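Here's the structure, in structure tokens; my notes come after.
The values are calculated or read from the model by the stated rules, or taken from the named source; none is laboratory data. If you're wondering where the values come from, they're calculated on a predicted model, not measured in any experiment. When we count neighbours, we look across all protein chains shown, and the Cβ atoms used for this are built from the backbone with ideal geometry, even at glycine. Note: accessible area is taken over every heavy atom of the protein model, side chains too, but ligands, DNA and RNA are not part of it. Shrake-Rupley method; radii C 1.70, N 1.55, O 1.52, S 1.80 Å.
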Amino acid sequence: MTLLPVRNPIYMVPNYSVTGDILSFSRCGLQYRYLNGSSLPPSRPVQMWFGEFIHGVLELATRYFQEGHFGSLPWDSAQIDSQICAPVVARLATEGKTPRSRAAEENARNRALVAINQLGPDLFPLVEAAEVSVSGTRRMPPNTQYRASYFEITGRIDLVTSFRLDDFKPEENPIVDAIRAMVPEESANDPFEVLVDYKGTRRPSTSSDEWQLYERQLQTYAWLRQRQPNSLPVVAGLVIFVNELLPTTSDMTKLGVDINKGETDVIPEPNSLDQQIVLGTRHGDSPFGLSWGYRLARALRVVPVDDANQKDALDRFDGIVEQIESSVDQELSSGSIQQSWTPRPVDETCVACDFQTVCPMSPYLGPALAPLGRRSPDDF
């Protein structure tokens, strides 16, 4: 009798997303475990609504621009509201994601209008492709002995732009000018790519973890993109902090704090109206009278791409993968989630966390309350 051969076990390669895993774990390991490892949906999807709304709106607007859907920019605000914003709001609603309030939705739509009609004329003509998926494989860190010898990195780049600096005169396009100031002069004659990532937030302080995380995210995207066929050299990444295009009272207060602490790299010109408004010594029209030039400078952050910074970003990526794999192994051995996954020290993340009543680091330990019981709503 001939025996059938035994089938080899399936070889699984762990997959790590640049945003869904690495950024999420960096914010809080314990929250990451509950949301990702247990597939528990957040009790208040409103927390992710604004970011997904902005990404959806700008993706749709970019496609309409490339197709000549509404003609040249700027577009009619009613068209933007009804044919771009409304479909995105409806799609998110079918996924159970809704804005916090009518005021929050109106503010988001206003920001979308500014992003399309004021930022779009300079940004959209540079776009080569939108929502570009990238992936790559790396060897597991040497100190690990876990699920596989390799792991996969995946990501999704919001925009890939392609152009030559020599095609634009100085002061012709402020986005190109911001990139020109940060990339080597030898890049001027050859076409290259700049990877763009939208953030539905204000410009973080230069001392914050987010400041470093966003830079490493772009360096990792560049490494992945350069391994795709037919890609051009990637010389920089560009983060666009959408909230800075139309700041709120909360944003202005935090900006003042950052300036007083010396923890921001974009401050108003001395004795300018922008400086007087930020310092609260003078008032202006909405949005707070800040000039478009200053708001745009706050919204744009160019991150030059080079081998040294890429290596540093990937080494840190490997380190986070090692921490996650170690936590997975420890949980399998101990059977305890809280003993295996490290929470982040208390900060703004805790205010909107669904697990604040069971987290050992939380000041809100105790009987569970309804989500709004302890949360102060974010001021978009």
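Can we say Ser231 is open to solvent by 10 Å² or more (accessible area, probe 1.4 Å), among the small types (Gly, Ala, Ser) and closer than 23 Å to Cys28 by Cβ?
For Ser231, the condition - open to solvent by 10 Å² or more (accessible area, probe 1.4 Å), among the small types (Gly, Ala, Ser) and closer than 23 Å to Cys28 by Cβ - is not met.
If you take the residues of region 258-276 that are touching a residue at least 24 places away in the same chain (Cβ under 8 Å) and β-branched (Val, Ile, Thr), which of them is surrounded by the fewest Cβ atoms within 10 Å (Cβ to Cβ)?
The extreme case among them is Val266.
Select, from Asn243, Asn230, Asn260, Asn271, the only residue that is part of a helix (DSSP H, G or I), farther than 30 Å from Glu106 by Cα and not hydrophobic (A, V, I, L, M, F, W, C).
Asn260
Quick one: is Glu152 part of a strand (DSSP E or B) and farther than 23 Å from Leu232 by Cβ?
The answer is yes for Glu152.
Results for (1) among the hydrophobic types (A, V, I, L, M, F, W, C); (2) within 22 Å of Gly293 (Cβ to Cβ); (3) touching a Pro at 6+ places or on another chain (Cβ under 6 Å); (4) modelled with pLDDT of 95 or more, shown as yes or no for each residue.
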position: Ala112; (1), (2), (3), (4): yes, yes, no, yes
position: Leu126; (1), (2), (3), (4): yes, yes, no, yes
position: Gly136; (1), (2), (3), (4): no, no, no, no
position: Phe151; (1), (2), (3), (4): yes, no, yes, no
position: Phe163; (1), (2), (3), (4): yes, yes, no, no
position: Glu171; (1), (2), (3), (4): no, yes, no, no
position: Pro174; (1), (2), (3), (4): no, yes, no, yes
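Does region 39-54 hold any residues that are open to solvent by 50 Å² or more (accessible area, probe 1.4 Å) and either modelled with pLDDT under 90 or in contact with a strand residue (DSSP E or B) (Cβ under 9 Å, 6 or more places away or on another chain) (or both), and which are they?
Across region 39-54, the qualifying residues are Ser39, Leu40, Pro41, Ser43, Gln47, Met48.
Out of curiosity, is Ala130 modelled with pLDDT under 95, open to solvent by less than 60 Å² (accessible area, probe 1.4 Å) and not in a helix (DSSP H, G or I)?
Against the criterion (modelled with pLDDT under 95, open to solvent by less than 60 Å² (accessible area, probe 1.4 Å) and not in a helix (DSSP H, G or I)), Ala130 qualifies.
Under 21 Å from the mean Cα position of the chain (by Cα) and closer than 22 Å to Ala112 by Cβ: does that describe Arg216?
Against the criterion (under 21 Å from the mean Cα position of the chain (by Cα) and closer than 22 Å to Ala112 by Cβ), Arg216 does not qualify.
Mind checking which residues of region 66-94 are of a type in the set (D, E, K, R) and open to solvent by less than 40 Å² (accessible area, probe 1.4 Å)?
The answer is none; no residue qualifies.
Which condition from (1) open to solvent by less than 60 Å² (accessible area, probe 1.4 Å); (2) under 20 Å from the mean Cα position of the chain (by Cα); (3) not basic (Lys, Arg) is the one that Thr98 breaks?
Every condition holds for Thr98 apart from (1).
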